Amino acid sequence: MASSYKYLFGPVPSRRLGRSLGIDVTPFKTCSFDCVFCQCGCTTRLVTERAEFVPFEEVCAELERWLKEDGAADCITFAGSGEPTLYSRLGELIAFIKTRTKIPVIVLSNGTLLHRPDVRAELLKADVVKVSLSAWDDASFQKINRPAPGLTFEQVLSGERDFRSVFRGELWLEVFLIEGINALTEQVLKIAAAAAELRPDKIHLNTAVRPPAEAEARPLTKEKLEALCGFFTPRAEVIASFSADAGSAAGLDVEKLVSLICRHPATAAQLAQSFGVEPSVIIPLLDDPRLQTEVRGGETYYKCR
């Protein structure tokens, strides 16, 4: 992808989503959560107010250009470094995509604004909506997700339940587990009970395999995550990347790599896994002045300056 794209990134290969074109319509770390485990670091703009952070017409123009210049993706995914439902014209943008292509639209959200009828209505146009649930009551919610003032656990869970009752697409749920914080058996069982209320089509278990916002957010082992999958209905699957199993994507270039790293800091091995190449292919491309390194847990992570 050419560097002239400001709001699109990728397409990025994903084991779950295939070749995914990302759209980022919120400024870096503008979010309604300040999660202790966030791989993008601490939230710098903690809000629940929606706004047109980036010009709607410019995003549409980039999408039109991408469809002409490439147009090959398995899905178009609203993701990035902030909460996408904070973008006030998200519904219009999804509708615009639907008039231009049959590529499925996915929204990766923390679910905090689903208590609002207008946000629920906008997301009905998506093919897949993925929301999060990593707590079981308000005390754990405040400790783990550190939400914007006014947000409560019951408000978020109720909004997600209301959305499930009207959404006809696929609802996915991500549960982020942290050693010593929400990974005890009794805690996970409580999260699983709340998750069952949402009747999700899929449940994904994740953990802090990349540098988190707070050092206290320690990852679970792959074995422990797998042992917890059966607590959930439907049975959960582990999505945390522990190995460097090659993917199936190609088309790697420096701009695509830097664009991905700016949103998701990663090791060379993790990047190699994402793009389906050997680490020796990735490493020379990481010598870019826009990137810097950070050592966490004995591993070197690449992130943007």
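List of remarks:
- Val131 open to solvent by less than 20 Å² (accessible area, probe 1.4 Å) and in a strand (DSSP E or B): yes
- With respect to being in contact with a strand residue (DSSP E or B) (Cβ under 6 Å, 6 or more places away or on another chain) and open to solvent by 10 Å² or more (accessible area, probe 1.4 Å), Ala121 falls outside the description.
- For the stretch 134-144, taking the residues that are surrounded by fewer than 22 Cβ atoms within 10 Å (Cβ to Cβ) and of a type in the set (S, T, N, Q), the one that is farthest from Glu49 (Cα to Cα) is identified as Ser140.
- Where Pro147 falls short, out of the listed (1) free of Cβ contacts under 8 Å to residues at least 24 places away in the same chain; (2) under 27 Å from Ser241 (Cα atoms); (3) open to solvent by less than 60 Å² (accessible area, probe 1.4 Å): (1)
- Meets criteria (open to solvent by less than 20 Å² (accessible area, probe 1.4 Å), modelled with pLDDT of 95 or more and among the acidic types (Asp, Glu)) for Glu154: no
- Looking only at the stretch 162-172, and only at residues there that are assigned to a helix (DSSP H, G or I) and more than 28 Å from Pro212 (Cβ to Cβ), the one that is least open to solvent (accessible area, probe 1.4 Å): Arg164
Let's see how each residue does on (1) closer than 21 Å to Asp34 by Cβ; (2) modelled with pLDDT of 95 or more; (3) of a type outside the set (D, E, K, R); (4) out of contact with any Lys or Arg (no Cβ under 9 Å at 6 or more places or on another chain):
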site	(1), (2), (3), (4)
Asn182	yes, yes, yes, no
Thr185	no, yes, yes, yes
Lys202	no, yes, no, no
Glu216	yes, no, no, yes
Leu225	no, yes, yes, yes
Ser243	no, no, yes, no
Lys256	no, no, no, yes
His264	yes, no, yes, no
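- Taking the stretch 216-236 as the range and being outside any helix (DSSP H, G or I) and either over 30 Å from Tyr301 (Cβ atoms) or in contact (Cβ under 8 Å) with a residue 40 or more places away in the chain (or both) as the test, the residues that pass are Glu216, Ala217, Arg218, Pro219, Leu220, Phe232, Thr233, Pro234, Arg235, Ala236.
- Single unsatisfied condition, Val175 versus (1) surrounded by fewer than 19 Cβ atoms within 10 Å (Cβ to Cβ); (2) among the β-branched types (Val, Ile, Thr); (3) under 22 Å from Ala215 (Cα atoms): (1)
- Selected residue (criterion: surrounded by the fewest Cβ atoms within 10 Å (Cβ to Cβ)) from residues of the stretch 94-118 that are more than 14 Å from Ile23 (Cβ to Cβ) and of a type in the set (S, T, N, Q): Thr99
- Of all residues in the stretch 18-33, those satisfying the criterion of being open to solvent by less than 30 Å² (accessible area, probe 1.4 Å) and on the phi < 0 side of the Ramachandran plot are Ser20, Leu21, Gly22, Ile23, Asp24, Val25, Thr26, Thr30, Cys31, Ser32, Phe33.
- Near pairs, Cβ below 8 angstrom, 6+ apart or cross-chain, from the stretch 97-125 (on the phi > 0 side of the Ramachandran plot) to any residue that is charged (D, E, K, R): Gly111/Glu160
The values are calculated or read from the model by the stated rules, or taken from the named source; none is laboratory data. Values in this document were obtained by computation on a predicted structure and should not be read as measured data. Cβ sites come from the backbone with ideal geometry, for glycine too, and all protein chains shown count toward neighbours. All accessible areas refer to the heavy atoms of the entire protein, side chains included, with ligands and DNA or RNA removed. Shrake-Rupley method; radii C 1.70, N 1.55, O 1.52, S 1.80 Å.
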